[in-house]
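Just below is one structure, and these are the notes that go with it.
The values are calculated or read from the model by the stated rules, or taken from the named source; none is laboratory data. None of these values were measured; they are calculated from a predicted model. Please note: Cβ atoms are built from the backbone with ideal geometry, for glycine as well, and neighbour counts cover all protein chains shown.
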Amino acid sequence: MEEAERLADRVVVLVGGRIVAEGPPAQLMAQDSSLVIAFRLPTGTDVGSLPVLSSGRRVDGASVTWETSRPTADLLTLTGWAGARGLELADLTLSRPTLEDVYLTLTGDDSGD
């Protein structure tokens, strides 16, 4: 999927033999208005102590991700929470979903395969 994102001029996504999306990878990725906040959970911090943001979070070991359509407000809440506790959020990033993320959303496949 990474190669298609970088190299393809056009992508067509089929589900059950029907075209559900088509266009340049950048256009398909731009249709999803959500962004992804990601960081590593500080050592000794309980996941349950994280603030509530505008949408659900995913935790995989120490990696935490949130999809958000309100990145400014959610980043302010998150960094305010960390700052008040004297914590650093290692590897803090804000990014758009990848072509693979868009594909999984369009096909309803959240297995990661």
Exercise for the section: Could you please tell me which pairs satisfy a Cβ distance under 6 Å, a separation of 6+ or placement on different chains, a first residue in the range 82-101 that is under 30 Å from A30 (Cα atoms), and a second residue that is surrounded by 14 or more Cβ atoms within 10 Å (Cβ to Cβ) and of a type in the set (K, R)? Expected result: A90/R40; D91/R40
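Is it fair to say R85 is over 22 Å from A4 (Cβ atoms), over 13 Å from the mean Cα position of the chain (by Cα) and modelled with pLDDT of 90 or more?
yes
From the list L28, L53, pick out the single residue that is touching a helix residue (DSSP H, G or I) at 6+ places or on another chain (Cβ under 8 Å), under 12 Å from V102 (Cβ atoms) and either surrounded by 16 or more Cβ atoms within 10 Å (Cβ to Cβ) or touching a residue at least 24 places away in the same chain (Cβ under 8 Å) (or both).
L28
I need a count of the residues in the range 56-73 that are surrounded by 14 or more Cβ atoms within 10 Å (Cβ to Cβ) and within 13 Å of the chain's Cα centre (by Cα). Steps first, please.
At the first step, the residues of the range 56-73 found to be surrounded by 14 or more Cβ atoms within 10 Å (Cβ to Cβ) are 57, 62, 64-68, 70-71.
Remaining after also requiring within 13 Å of the chain's Cα centre (by Cα): 57, 64-68, 70-71.
Of the residues in the range 56-73, 8 are surrounded by 14 or more Cβ atoms within 10 Å (Cβ to Cβ) and within 13 Å of the chain's Cα centre (by Cα).
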Handout entry: Residues (polar (S, T, N, Q) and crowded, with 16+ Cβ neighbours inside 10 Å) located in the range 31-44
Key = S34
Practice task
Answer with yes or no whether R58 is more than 20 Å from L87 (Cβ to Cβ) and out of contact with any Leu (no Cβ under 6 Å at 6 or more places or on another chain).
Solution key: no
Completion exercise
Checked pairs for the range 2-16, first surrounded by 11 or more Cβ atoms within 10 Å (Cβ to Cβ), second acidic (D, E) and not in a strand (DSSP E or B), C-beta under 8 Å and 6 or more apart or across chains, list as E5/E100
